[in-house]
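Heads up, the thing below is written out as structure tokens.
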Amino acid sequence: MNGTFTYRHAPSATPGPATAGPARIRPVRIGPTTVSPVRISSAAGDLDAISPLLAEAQAAVGDVPALLDLAKAAAATAPKPGEGRTAFLWEILASVTAVDVAAGRVLEPHLDAAAILGQAAGLAAGEGRDCPDFGGTRFEGAWGVFAAEAPGLRLEAKEAGGCFLLHGSKPWCSLAAQLDHAVLTAHVEGGGRAAFAVDLHADGVSFADPEWTSRGLREIPSGTVHFDGVPAVPLGGAGWYYQRPGFAWGGMGVAACWLGGAVAVARSFTASLRKAADGGREPDQIALAHLGEIDRTLAALTGYLAQTAARIDAGELSDGGAWREALRVRGSVATAVERIQALVSQNLGPAPLAFDEGYGKRMADLALYIRQHHAMRDDAQLGALTLAGNNPW
């Protein structure tokens, strides 16, 4: 593996080979809470480099500007997918999300935007680079990625005077009013959608009140952004954003965040059983059986992600098969998250949901976050791809 991940003033750690056996990961102690990195395949020494990031994530819980600063600092040295350290990237995402789901929800799109801009380097059309009132696609400030669509809302990119201008509205733009730039998709003349980089401080950008009433991810409101003749820089041509293998890789990065949330739920469950045992209440067979199921589920998921990350770095998922694998990964992780949440909730009952703020926040945040997976609709898409292609089984 090449490259070094450091966070602010953290000492550099030169990555080494993954260990064959269980890693001894050094935890970070933050007050009464111990936070450990989530291991997928990296050596324990490499994971130590994530520790300062986790400490600051814990300190920034609920503080969105601080979380955005954290994302910007992490992006300076975080690896990009497909460049040899994909598993370590996913470990960063999972580990931060294990600290706080909302923190992972802030970090992931910023790192994804950095990856998209890197993948688009040299592919952007000449049009748009000299648009007025836009400073280009330098990766500065806080970034988001907005690619969702919604009935009744449409964002169009029209060429005018050697420049692309955005007109219309984009839904589901998380934290848009607090970001500096975004990678977004817009409909283009001739059909299809293309990706663009846009300055969210430009004239013509306005933010609708999100009217965010969610109990999950309360600090990450998603709303509609309106664009009235806003200049934008094209990133590839029509269809490039969805056709590139990085689209699938980014989707799997989101799944790594979901995994981190599930690990946090499992850790809190394990801690509660140990605490009860210390107080003289040994876990019954049902609790132990559920903990055993959680353990084998997480072991299988981390092994699957490690294998998939290695395949990405080896160039095996750089074609049309990447999205099929992403559907498998996302579906497997989302299903496991819901199962783990159900098992833990059944065992612990209503008390922590009612009286443990951290537990309640994590469960609500994670339940909303995994709804980015479209359940049976994504499975139907996977089924269609399976019917049309060769099966590994």
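Could you look through the stretch 38-66, keep only residues that are in contact (Cβ under 8 Å) with a residue 60 or more places away in the chain, hydrophobic (A, V, I, L, M, F, W, C) and within 16 Å of residue 257 (Cα to Cα), and pick out the one that is surrounded by the most Cβ atoms within 10 Å (Cβ to Cβ)?
Within the stretch 38-66, the match that is surrounded by the most Cβ atoms within 10 Å (Cβ to Cβ) is 38.
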Fill in: For residue 233: the one exception among (1) closer than 21 Å to residue 352 by Cα; (2) in contact with a Cys (Cβ under 8 Å, 6 or more places away or on another chain)
(1)
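Given the criteria part of a helix (DSSP H, G or I) and of a type in the set (D, E, K, R), does residue 293 qualify? If you could, list the steps in order and put the result at the bottom.
Details: part of a helix (DSSP H, G or I): yes; of a type in the set (D, E, K, R): yes.
In short, yes.
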Worksheet item: Residues in the stretch 255-286 that are in contact with a Leu (Cβ under 7 Å, 6 or more places away or on another chain) and farther than 24 Å from residue 365 by Cβ: how many?
Response: 1
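Can you find a residue in the stretch 315-324 that is crowded, with 16+ Cβ neighbours inside 10 Å, assigned to a loop (DSSP other than H, G, I, E, B), in contact with an Asp or Glu (Cβ under 8 Å, 6 or more places away or on another chain) and not assigned by TED's automatic domain parsing to the domain that holds residue 215? Full working, then the answer.
Going through the stretch 315-324, the residues crowded, with 16+ Cβ neighbours inside 10 Å turn out to be 317-318, 321-324.
Filter once more, so that each one left must be assigned to a loop (DSSP other than H, G, I, E, B): 317-318.
Filter again for in contact with an Asp or Glu (Cβ under 8 Å, 6 or more places away or on another chain), leaving 317.
From the residues that got through so far, the ones that are not assigned by TED's automatic domain parsing to the domain that holds residue 215 too are 317.
Within the stretch 315-324, one or more residues are crowded, with 16+ Cβ neighbours inside 10 Å, assigned to a loop (DSSP other than H, G, I, E, B), in contact with an Asp or Glu (Cβ under 8 Å, 6 or more places away or on another chain) and not assigned by TED's automatic domain parsing to the domain that holds residue 215.
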Practice prompt. Determine, yes or no, whether residue 69 is modelled with pLDDT of 95 or more, acidic (Asp, Glu) and over 26 Å from residue 306 (Cβ atoms).
Written response: yes
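Here are 330, 377: which of them is basic (Lys, Arg), modelled with pLDDT of 95 or more, closer than 27 Å to residue 95 by Cα and assigned to a helix (DSSP H, G or I)?
Details: 377 fails: closer than 27 Å to residue 95 by Cα.
Only one candidate passes the filter, namely 330.
Modelled with pLDDT of 95 or more and touching a helix residue (DSSP H, G or I) at 6+ places or on another chain (Cβ under 8 Å): which single residue out of 206, 268 fits that description? Let's see the steps before the verdict.
Details: 206 fails: touching a helix residue (DSSP H, G or I) at 6+ places or on another chain (Cβ under 8 Å).
Answer to the check: 268.
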Worksheet item: Is at least one residue of the stretch 106-123 more than 12 Å from the chain's Cα centre (by Cα), farther than 13 Å from residue 250 by Cα and among the β-branched types (Val, Ile, Thr)?
Response: no
Worksheet entry | Test: residue in the stretch 147-159 that is modelled with pLDDT of 95 or more, within 29 Å of residue 63 (Cβ to Cβ) and outside any strand (DSSP E or B) | yes
Item to complete: Among the residues of the stretch 183-201, count how many are part of a loop (DSSP other than H, G, I, E, B) and surrounded by fewer than 20 Cβ atoms within 10 Å (Cβ to Cβ).
Response: 5
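Only one of these is crowded, with 19+ Cβ neighbours inside 10 Å and in contact with a Gly (Cβ under 8 Å, 6 or more places away or on another chain): 229, 239, 261. Name it.
Numbers: 229 fails: crowded, with 19+ Cβ neighbours inside 10 Å; 239 fails: crowded, with 19+ Cβ neighbours inside 10 Å.
261 is the lone residue from the list that is crowded, with 19+ Cβ neighbours inside 10 Å and in contact with a Gly (Cβ under 8 Å, 6 or more places away or on another chain).
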Worksheet, complete the sentence: residue 177 meets each of (1) farther than 25 Å from residue 82 by Cβ; (2) touching a His at 6+ places or on another chain (Cβ under 9 Å) with one exception, condition (2)
Worksheet item: Name the residues in the stretch 166-182 that are within 23 Å of the chain's Cα centre (by Cα) and either surrounded by 22 or more Cβ atoms within 10 Å (Cβ to Cβ) or under 17 Å from residue 140 (Cβ atoms) (or both), would you?
Response: 170, 173, 175, 176, 178, 179, 180, 181, 182
Worksheet, complete the sentence: Residue count, the stretch 202-224, condition surrounded by 18 or more Cβ atoms within 10 Å (Cβ to Cβ) and at positive phi, comes to 1
Practice prompt. Report yes if some residue within the stretch 227-245 is more than 22 Å from residue 309 (Cα to Cα), touching a Lys or Arg at 6+ places or on another chain (Cβ under 9 Å), without any contact (Cβ under 8 Å) to a residue 60 or more places away in the chain and among the aliphatic types (A, V, I, L, M); otherwise report no.
Written response: yes
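The values are calculated or read from the model by the stated rules, or taken from the named source; none is laboratory data. This one's a predicted model, so the numbers in the text were calculated from it and none came from an experiment. When we count neighbours, we look across all protein chains shown, and the Cβ atoms used for this are built from the backbone with ideal geometry, even at glycine.
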